[in-house]
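The structure under discussion appears below in the form of structure tokens.
The values are calculated or read from the model by the stated rules, or taken from the named source; none is laboratory data. As the structure is a prediction and not an experimental result, all values here were calculated from the model. Heads up, the Cβs are rebuilt from the backbone with ideal geometry, glycines too, and the neighbour counts pull from every protein chain shown.
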Amino acid sequence: MTLGVLAVLGMAFTMFAGFWTDWLWYRSVNYSSVFTTTLWTKIGLFFVFGLLMALSVGFNIWLAHRLRPPLSAMSMEQQSLDRYRMGIAPYKKWLLLAITALVGLIAGASASGQWRTWLMWVNGVSFNQKDPQFHLDVSFYAFDLPWYRFLLGFGFAATILSLIAAALTHYLYGGLRITSPGARATSAATGHLSVLLGIFVALKAVAYWLDRYGLAVKSSDFKATDNWTGLRYVDANAYLPAKTILFCIAVICALLFFATLWRRTWQLPVIGFGLMVLSAILIGGLYPAIVQKFQVQPNEQAKEAPYVEKNLKATREAYGIDDAQVTEYSGQSSIDDKTKLRDDVDSTASIRIMDPNVVSPTFQQLQQIRNYYGFPTNLDVDRYSKDGKDQDTVIGLRELNLNGIPKNNWINDHFRYTHGYGAVAAEGTSADSQGRPVFTESDLPSKGDLGKYQQRVYYGEKTTEYSIVGGPQKEIDYSDDTGEKTYSYEGNSGVNLSNPINRAAYAVAFSEPQILYSGAIGEGSRILYNRTPKERVEAVAPWLTIDGDAYPAVVDGKIQWIVDAYTTTNGYPYASRTTLGDTTADSLTATNDSRAVVAQQNQVNYIRNSVKATVDAYSGQVKLYEWDTQDPVLKTWMKAFPNTVEPKSDISESLMAHLRYPQDLFKVQRELLSRYHVDDATTFLSGSEVWQVPDDPTNKAGDAVPPYYLSMKMPDQKEQAFSLTTTFTPNGRDNLSAFMAVDAEAGTGDYGKIRILKLPTNTTVNGPKQVQSQFNSEQDIAETISLLSRGDSNVEYGNLLAVPLDGGLLYVEPVYVRGGGLKYPLLRKVLVTYGGSTAFEDTLDQALNKVFGAEGTTPEPPEGDGDEPTEPTPPPTTENPTVQEALNDAQKAFEDGQQALKDGDWEAYGKAQEDLEEALRRAEDAQSGETGGGGASPSPSPSPDSS
């Protein structure tokens, strides 16, 4: 008994711990209303529908028992059931309660999962748009119809369970007989079961009526497109009238069943039910098939064209692509003046040669500083102002990497190593003379162009473990020349663990008993968890679909994670559906676990980037901002969860400067536009203008090429704008069919405007795969690549950028080399091709000059600050022979390295860099000893200037 009580108490406390920790977390982020609204909605649905199901089944069992016949004239069949009746007689009430409680619990649990459907129905806002068939507002299909279908499904379940329970009870107590001679059922049992069957058929009539409207949002495969939604010719002319006829037949059949209360015979109801089944087969199945075979197929284009036009219009509206501007583009330059073309390149695009998806290891090697810091696999592209001009910047945060700490244990993992430190940024459009990024923000603590800001990163994409901060145990902050710094968290994020109940709850919730009794936890201790930006936004706004890529920005002295969030629905009439997980997958999501695809198997046919969210990297504060002020789905959720979304006007100018058009929405739109860029139904049906997103030519995985951010201007733009771009190829071919860009710069009048340059079908312009193939096949380039790949060196291709230029297409691809003693890629070459001319040079300017035949000197790349040295400064005069000898060795090592670089001997080059680093270290040690400085050990990336 004691063990049983303890087990029950343990289970109860485990359930309490989960509930209590959730409540504490929501309260800590100031979104407790989300928790309470969701909780009370689930509880309400659980009890209402659980009670309805229990009452329905229980009442029918009670009624069947009450209508039982007298047992004085029992048949042999009933006598055999006597032992069962005798066995359950003492427990009838308890058995009835147990059955009703069980079905009630199951039904209540199922109903509680419909909390989103309920909230959308009760708070639904009008779309102010009507469907073309039934002329009902779109909100009926998006908000009302799903709830009606749930009620209908619940009604069917309750009726079927009640029918089964009543039939078993009647059989057990003699109301139904299977083998006995005479009447098979008493009149009372006949009336009771007939009413239940009548209710079932009446519900079927309601289902037929709702199916009429469901035709506007039903999915079907159509040869022009998969996941077609809406009525086609056969739906409007066969299924729709068939559903209406079947509705009428079902109503009549239900009345016949109800009539058995007076007639006490099932003859007419059974005939009616058989007629309904036969009608469903003939009218609902055979007739539409005949219409499709003999009316539609012989003249499909003419029959389907009006319905295709409805689908075209609805799909464009639902995905926000109805205003996409399609312009004819020749693909061939009509300008012969190559000097002008060369000059136009600089005004047309700020070509980014630092690929954020390649240079992360370079950031890691040059700016990691400590092993317990790390950068994401894919860095981000943002805009920062320098000298009054915006420039494309590659940025990443130095986040905590627990795999790199000296020793993993519970204290180190959760108390001492708790946060990352600082942002690292580099110019996106340039590299230094050695191919390294030109850092605009670097070192530890970080310093540079971003100014002063709170550099500690407690919340980030790589921060997946909980931390306990602010208590007796000090945290490792960072290390500098004077040694290791400690810190104690000063924010108000997380949940206070001073309360013993809280500690016990978290010890159970995290399965970590040390939380309960550890001396490292005391007054002021707070536990931080749910620390990735995506997790936090998903938790405070469970009704949003979150973009797969959060990106950091330094805003008003703080590091803010910016998260794009979407409102979606699956009920927009006539709009084709798409599976978000498939549509947003590309070559980056396939190789990067942290760059998640959005909503794996979530099918939608309406999407809006309605919310911009921010997560403070230090405090964890989450803010949701209304972005699409016209979105009815967002308005509906704002009614359901008031005061959770802040108005768009609250977005500061400094934050607005870093907001951008989201990649996942762009990928969904480009997938739809590969088919829905056409204007007329005939072309759509023929499939002659279908495009496809090309595979990424820089890898062999066969995944789609990702879209790229860069500042550029389209032919109708007067100046460059931060844009998100992609290319299209014809279906099944590799030549270019179109170029697409969207203005990604928030706060501008053209933000979100989609521009498509459509190339003529009678000419051939190389697509990305053909450009890459041409690049790999040219003999001079192939020989250079072979030389760069010698030894243990590997060549890595960066993003293949396409830029419209004076009627033609300019392709630019940076080429990196990793190896020769180096563990990170460096920019070594740049490929440029335009109008059939190709160049493969050391710098972008050299390649452009060669392609366009421009004369003049090429600007020298800026010097870098990484760990690969440039020309040493003249050594200072010194009388210390050890210092002088070391500096002489450094000079020789540098010269050897330059010669190896010219020869393409990467192994010798790596050896020379090691000798140079060792010589500089000896010089610094000797100089420090001479001055009595005992200085700190050199950083992992020493600069020759330190001599």
Checking GLU309 against (1) among the charged types (D, E, K, R); (2) assigned to a helix (DSSP H, G or I); (3) in contact with a Leu (Cβ under 9 Å, 6 or more places away or on another chain), which test does it fail?
(3)
Specify which of the listed residues (GLY747, GLY752, GLY702) is in a loop (DSSP other than H, G, I, E, B), under 29 Å from VAL358 (Cβ atoms), of a type in the set (Gly, Ala, Ser) and in contact (Cβ under 8 Å) with a residue 60 or more places away in the chain.
GLY752
Take PHE222 and decide whether it is at pLDDT below 90 and within 49 Å of the chain's Cα centre (by Cα).
yes
What is the residue count in the range 334-370 for residues that are of a type in the set (Gly, Ala, Ser) and in contact with a strand residue (DSSP E or B) (Cβ under 8 Å, 6 or more places away or on another chain)?
3
Cross-chain or 6+ apart pairs with Cβ under 8 Å, the range 657-670 first and β-branched (Val, Ile, Thr), then assigned to a helix (DSSP H, G or I):
VAL668/LEU580; VAL668/THR583
Residue check, ALA107 assigned to a helix (DSSP H, G or I) and either modelled with pLDDT of 95 or more or closer than 30 Å to VAL633 by Cβ (or both)
yes
Among the residues of the range 767-807, which ones are part of a loop (DSSP other than H, G, I, E, B) and either outside the structural domain of GLY835 (by TED's automatic domain parsing) or surrounded by fewer than 20 Cβ atoms within 10 Å (Cβ to Cβ) (or both)?
GLU778, SER789, ARG790, GLY791, ASP792, ASP806, GLY807
Could you please let me know if LEU176 is under 24 Å from MET276 (Cβ atoms), crowded, with 19+ Cβ neighbours inside 10 Å and touching a Ser or Thr at 6+ places or on another chain (Cβ under 9 Å)?
yes
Considering each residue of the range 180-190, count those that are surrounded by 18 or more Cβ atoms within 10 Å (Cβ to Cβ) and either at pLDDT 90 or above or assigned to a helix (DSSP H, G or I) (or both), and give that number.
2
When you go through THR784, THR727 one by one, which is the residue that is hydroxyl-bearing (Ser, Thr, Tyr), under 24 Å from the mean Cα position of the chain (by Cα) and under 22 Å from LEU831 (Cα atoms)?
THR727
GLY320: modelled with pLDDT of 90 or more and within 30 Å of ALA575 (Cα to Cα), yes or no?
yes
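If you check ASP387, ASP392, ASP355, which single one turns out to be farther than 24 Å from ASP413 by Cα and buried (at least 24 other Cβ atoms within 10 Å of the Cβ)?
ASP355 is the lone residue from the list that is farther than 24 Å from ASP413 by Cα and buried (at least 24 other Cβ atoms within 10 Å of the Cβ).
With the requirement that a residue be charged (D, E, K, R) and either out of contact with any Lys or Arg (no Cβ under 9 Å at 6 or more places or on another chain) or on the phi > 0 side of the Ramachandran plot (or both), what does the range 297-330 give you?
Selection gives GLU309, LYS310, LYS313, ARG316, GLU317.
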Evaluate the range 428-445: report whether one residue or more is in a loop (DSSP other than H, G, I, E, B), surrounded by fewer than 16 Cβ atoms within 10 Å (Cβ to Cβ) and of a type outside the set (Gly, Ala, Ser).
yes
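Quick one: would you say LYS534 is surrounded by fewer than 20 Cβ atoms within 10 Å (Cβ to Cβ), closer than 19 Å to VAL29 by Cβ and either touching a helix residue (DSSP H, G or I) at 6+ places or on another chain (Cβ under 9 Å) or in contact (Cβ under 8 Å) with a residue 60 or more places away in the chain (or both)?
Criteria not met by LYS534.
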So which residues in the range 510-520 are buried (at least 19 other Cβ atoms within 10 Å of the Cβ) and either in contact with a helix residue (DSSP H, G or I) (Cβ under 7 Å, 6 or more places away or on another chain) or acidic (Asp, Glu) (or both)?
ILE515
Out of all the residues in the range 567-579, is one or more under 27 Å from LEU655 (Cα atoms) and at pLDDT 85 or above?
yes
Could you check the range 242-254 and list, in sequence order, the residues that are more than 46 Å from the chain's Cα centre (by Cα) and either closer than 16 Å to LEU193 by Cβ or small (Gly, Ala, Ser) (or both)?
CYS253, ALA254
Taking into account only those residues within the range 313-330 that are buried (at least 21 other Cβ atoms within 10 Å of the Cβ) and aliphatic (A, V, I, L, M), which is nearest to the chain's Cα centre (by Cα)?
ALA318
Here the residues within the range 693-703 that are surrounded by fewer than 23 Cβ atoms within 10 Å (Cβ to Cβ) and either modelled with pLDDT under 90 or of a type in the set (D, E, K, R) (or both) are ASP695, PRO697, THR698, ASN699, LYS700, ALA701, GLY702, ASP703
Failed criterion for GLY451 (all others in (1) under 24 Å from GLY548 (Cα atoms); (2) assigned to a loop (DSSP other than H, G, I, E, B) hold)
(1)
Taking LEU119 as the residue in question, decide whether it is in contact (Cβ under 8 Å) with a residue 40 or more places away in the chain, within 24 Å of ALA254 (Cβ to Cβ) and buried (at least 16 other Cβ atoms within 10 Å of the Cβ).
no
Index of the failed condition, GLN717 passing every other in (1) crowded, with 19+ Cβ neighbours inside 10 Å; (2) out of contact with any Leu (no Cβ under 9 Å at 6 or more places or on another chain)
(1)
State which residue is surrounded by the fewest Cβ atoms within 10 Å (Cβ to Cβ) when the search covers only the range 823-851 and only residues that are assigned to a strand (DSSP E or B) and of a type in the set (Gly, Ala, Ser).
SER837
Inside the range 331-350, the number of residues satisfying the requirement of being closer than 17 Å to ALA839 by Cβ and either under 33 Å from the mean Cα position of the chain (by Cα) or surrounded by 16 or more Cβ atoms within 10 Å (Cβ to Cβ) (or both) is 7
For the range 459-556, which helices (runs of 4 or more DSSP H) that fit wholly inside it have 2 or more residues that are under 30 Å from PHE641 (Cα atoms) and in contact with a strand residue (DSSP E or B) (Cβ under 9 Å, 6 or more places away or on another chain)?
500-509, 533-540
